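The values are calculated or read from the model by the stated rules, or taken from the named source; none is laboratory data. Every value quoted in this text rests on a predicted model; they were computed, and no experiment measured them. Here the Cβ positions follow ideal geometry from the backbone for every residue, glycine too, while neighbour counts run over all protein chains shown.
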Amino acid sequence: MNFLVDAQLPRRMAAWLVTAGCDARHTLDLPDGNRTTDEQINDVADREQRVVVSKDADFVDGHLLRGRPAKLLLISTGNISNRHLETLVVPLIPDIVREFQTHSFLELGLAGIVVRG
């Protein structure tokens with residue numbers, strides 16, 4: 001499974017996904033870095049068949065209204081430490097990958113994964 005991690009999430013989140021056997025990039029790895037626009041992120045995600053991982057509600061609107069990005073993992077934990085985020089995300093990566101086999105929109109909050117679409 002391929003992921004593209006958005007700017008407001010730590011770069012090391014991509015490393016957590018890679019360690020779990022996924023292919024992952026962070027917006028810092030793109031030519032415009034963290035100044036990459038949402039439209040450019042959608043273009044990369046579509047071209048490379050990546051799940052966009054973001055805290056940005058604008059991606060929810062785009063996914064629901066226009067189907068872009070095609071797959072979205074919304075992180076809705078609020079402001080937590082990167083260490084707390086890691087302890088939440090890493091054990092759930094296999095479940096996230098499995099759920100994206102049949103779903104296009106997942107939300108990850110403090111209580112776990114919720115399938116949204």
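Tell me, which residue of segment 34-66 that is under 15 Å from Met13 (Cβ atoms) and assigned to a loop (DSSP other than H, G, I, E, B) is nearest to the chain's Cα centre (by Cα)? Taking the candidates together, the pick is Lys55.
In the condition set (1) hydroxyl-bearing (Ser, Thr, Tyr); (2) in contact with a strand residue (DSSP E or B) (Cβ under 6 Å, 6 or more places away or on another chain); (3) exposed (fewer than 12 other Cβ atoms within 10 Å of the Cβ), Ser76 is compliant with all but (3).
Residue count for segment 6-28 satisfying the condition of being surrounded by 19 or more Cβ atoms within 10 Å (Cβ to Cβ), in a helix (DSSP H, G or I) and either modelled with pLDDT under 95 or touching a helix residue (DSSP H, G or I) at 6+ places or on another chain (Cβ under 6 Å) (or both): 1.
Evaluated against (1) among the polar types (S, T, N, Q); (2) surrounded by 15 or more Cβ atoms within 10 Å (Cβ to Cβ); (3) closer than 23 Å to Arg116 by Cβ, Thr36 falls short on exactly one condition, (3).
Against the test of being among the β-branched types (Val, Ile, Thr) and part of a strand (DSSP E or B), the options Ile96, Ile113 yield a single qualifying residue, Ile113. For Gln101, the conditions (1) crowded, with 18+ Cβ neighbours inside 10 Å; (2) without any contact (Cβ under 8 Å) to a residue 60 or more places away in the chain all hold with the exception of (1).
For segment 16-47, the tally of residues that are in contact with a Phe, Trp or Tyr (Cβ under 8 Å, 6 or more places away or on another chain) and free of Cβ contacts under 8 Å to residues at least 12 places away in the same chain stands at 0. The sole residue among Arg83, Arg98, Arg116 that is over 15 Å from Val5 (Cα atoms) and in contact with a helix residue (DSSP H, G or I) (Cβ under 9 Å, 6 or more places away or on another chain) is Arg116. Annotation note: of Gly67, Gly109, Gly62, the sole residue that is of a type outside the set (Lys, Arg) and on the phi > 0 side of the Ramachandran plot is Gly67.
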